Amino acid sequence: MRVLGLSGSPRLGGNSDTLLHEAIRGAKDKGADTHIIYLSDLDIGHCPACDDCFYTGECRYRDDMDEVISQMEKADRIIVSSPIHFMGVSSQLKVMIDRCQSLWARKYKLKTPPLGDDRERKGMFVAAGGMKNGDVFEGARATMRAFFAVLNVKYTYELLISGVDNLGAIQTQSDTLKKAYELGQMLAEK
């Protein structure tokens, strides 16, 4: 079982990043091989909407997105984390998602598995937002549901925590950290 974490946080050690680490720790303790990619450390250009991928299933641009796709293809489970920015996912995560247009093209234009095979994959979304508004996660949730659907990854779990804005605020919520850990364990089960 290979579990990939995609950290969409520009603030490493921040609240959403901490939730991701707890979920990954849970998966690892369940015996999974785990790997985390920090999107803020990568050079991923925006999708120019050139549509070349409609014919090849590959993006014509070579950058760190190649490694992200390679890691997603190897993964059985994908955990994505993001802080909430303007009721959506972080820009780092959104650029990566937009560059998955080639995977969309594989699925819908070329009629091939977007991640190279048809094995069952599952996904989880963890997010932290400062606002306590009940709708604060709706935009991000819609984006993540679409992202996982394009990849043929079953949106299995989510952990969406509001009212945590300051760096490290999530550390005071031991029940939430425990929940992230437990969801990571559950996701890693066959």
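Distance cut-off 20 Å, Cα to Cα: go down the list LYS30/LYS94; LYS74/LYS190; LYS74/LYS107; LYS94/LYS190 and report the pairs above it. Could the numbers behind the result be given before it?
Details: LYS30/LYS94 30 Å; LYS74/LYS190 16 Å; LYS74/LYS107 17 Å; LYS94/LYS190 29 Å.
The pairs that break the limit, which is 20 Å between Cα atoms, are LYS30/LYS94; LYS94/LYS190.
Please work out the FRET efficiency for the pair ASP64 and LYS190, using the Cβ-Cβ distance as r and a Förster radius of 22 Å; give the result to the nearest 0.05. Working shown, then result.
Numbers: r = 31 Å, r/R0 = 1.40.
For ASP64 and LYS190, the calculated efficiency is 0.10.
Scaled against the 2.2 N^0.38 Å expected of a compact globular protein of N residues, the Cα radius of gyration of the chain reads 0.98. Heavy-atom accessible surface of region 62-190, averaged per residue, reaches 47 Å², computed with a 1.4 Å probe.
Restricting to Cα pairs below 8 Å that are 6+ residues apart, what does the relative contact order work out to for region 36-149? Please round to a whole percent.
On the way: 129 pairs, mean separation 38.6, N = 114.
Taking the mean separation of contacting Cα pairs over the length of region 36-149, I get 34 percent.
Taking a spot 7 Å from the Cα of TYR108 along the direction of its beta carbon, which residues of region 50-70 have an amide N less than 15 Å from it? Answer for this model: 50-55, 57.
From the alpha carbon centroid of region 44-123 to that of region 1-26 is 18 Å.
Packing here is the average count of other Cβ atoms within 10 Å per residue, and on that basis the peptides 152-161, 106-115, 43-52, 85-94, highest first, run 85-94, 152-161, 106-115, 43-52. Taking each DSSP H run with n ≥ 4 as -39500 (n - 2.57) and averaging over every residue of the chain yields -11500 deg cm²/dmol at 222 nm.
Which value, in debye to the nearest 20, gives the size of the charge dipole of the chain about its Cα centre, when Lys and Arg are +1 and Asp and Glu are -1 at the Cβ? It would help to have the intermediate numbers written out before the result.
Values: 25 positive and 26 negative charges, 98 e Å.
About 480 debye.
Hey, any idea what % of the chain's accessible area is carbon plus sulfur with a 1.4 Å probe?
Carbon with sulfur: 49 percent of the solvent-accessible area.
Only sites in a loop by DSSP and with at most 15 other Cβ atoms within 10 Å count here; which GluC sites (Glu not before Pro) in region 8-84 make the cut?
Numbers: sites: GLU22, GLU58, GLU67, GLU73; in loops: GLU58.
Listed in order of number, the matching sites are GLU58.
What does the C-alpha gyration tensor say about the overall shape of region 138-186? Classify as rounded when a/c is under 1.5, otherwise prolate if a/b is larger than b/c, or oblate. Verdict is oblate for region 138-186. Taking the DSSP beta bridges with both ends in the chain, the antiparallel portion is around 5 percent. Taking amide H positions as modeled 1.01 Å from N, with prolines and chain starts lacking one, the residues under 5 Å from THR34 and 5 or more places away or on another chain are VAL3.
The values are calculated or read from the model by the stated rules, or taken from the named source; none is laboratory data. Being a predicted model, the structure only gives us computed values, none of them experimental. Please note: Cβ atoms are built from the backbone with ideal geometry, for glycine as well, and neighbour counts cover all protein chains shown. Protein only, heavy atoms only, side chains kept; ligands, DNA and RNA dropped before computing areas. Shrake-Rupley method; radii C 1.70, N 1.55, O 1.52, S 1.80 Å.
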